[in-house]
Amino acid sequence: MKNIVILISGGGSNMAAIVKAARRDNWQDRFGARVAAVISNRASAGGLIFAAENGLATEVLDHKVFDSREAFDAALAGIIDRFDEPAQPVLVVLAGFMRILTPGFVNRYAGRLLNIHPSLLPAFPGLHTHQRALDAGCQVAGATVHQVTAELDYGPILAQAVVPVLPGDSANTLAARVLTQEHRIYPQAIAGLLGP
Ligand code: GAR
């Protein structure tokens, strides 16, 4: 069984969309894959409730108790690797996980570490993507699913969705429009990696 481990920091709506797609589209029988665990760096992350209610293993690893990024990432890898199997390497899915990862961590999971970012990369890496898109006068915005490399919000693009920027949009209304598309493309991109 190929295990998918999802990392979150907040509401976890992308995580929930992936869990629902896995169930709806029967990833277990089609791909021999399952969402095995959800890990949050914040105990208050709303997504942990959904994960627990849906029978998933949950873990909280508070980054604030670690002295360095390296120490946090090593502990994180220790949890993830419980779900790693030699013949079926774990897939690590960042879903609103708001931590910068060390090169050591990224290399360890190279080729099986995915992220979703709420902009049309390579435009607007980093934070406040929607406000920055509005400030720049963009007429379209969107989201990107990509393989994670050591450079922040960079790496081979697996999927993108484009939405219009509408008159009167605020960062919040634009974010909501983009998020709806995130929930569509992230499960699709993962399924595309898991099988034909
Ligand atoms: C999503 O919009 C995701 O693209 C973004 O955080 C939100 C998390 O929502 N991620 C980043 O900004 C990563 N740099 P969710 O917790 O409801 O999935």
> On average over all directions, what projected area in square nanometres does the chain have, based on the convex hull of its Cα atoms?
Replying inline: 11.0
> Once the other residues with Cβ under 15 Å from the Cβ of L61 are scored (Lys, Arg +1; Asp, Glu -1), what is the net sum?
Replying inline: -1
> In degrees between 0 and 90, to the nearest 10, how far off the longest principal axis of the chain does helix 69-80 point, with axes built from Cα atoms?
Replying inline: 60
> Per the 1.4 Å probe, what fraction of the accessible area of the stretch 1-112, in percent, lies on carbon and sulfur atoms?
Replying inline: 50
>> Can you tally the net charge around G78? Count Lys and Arg as +1, Asp and Glu as -1, for every other residue whose Cβ sits under 14 Å from the Cβ of G78.
In response: -3
> Based solely on its DSSP helices, what 222 nm [θ] is calculated for the chain when runs of n ≥ 4 H residues each add -39,500 (n - 2.57) and the sum is averaged over all residues, nearest 500 deg cm²/dmol?
Replying inline: -11000 deg cm²/dmol
> When ligands, DNA and RNA are left out and all protein chains stay put, how many square angstrom of accessible area per residue does the stretch 105-157 have with a 1.4 Å probe?
Replying inline: 48
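The values are calculated or read from the model by the stated rules, or taken from the named source; none is laboratory data. Since we're looking at a predicted model, the values are computed, not measured. No Cβ is skipped: glycine too gets one built from the backbone with ideal geometry, and neighbour counts run over all protein chains shown. The accessibility values were calculated without ligands, DNA or RNA, using every heavy atom of the protein model including side chains. Shrake-Rupley method; radii C 1.70, N 1.55, O 1.52, S 1.80 Å.
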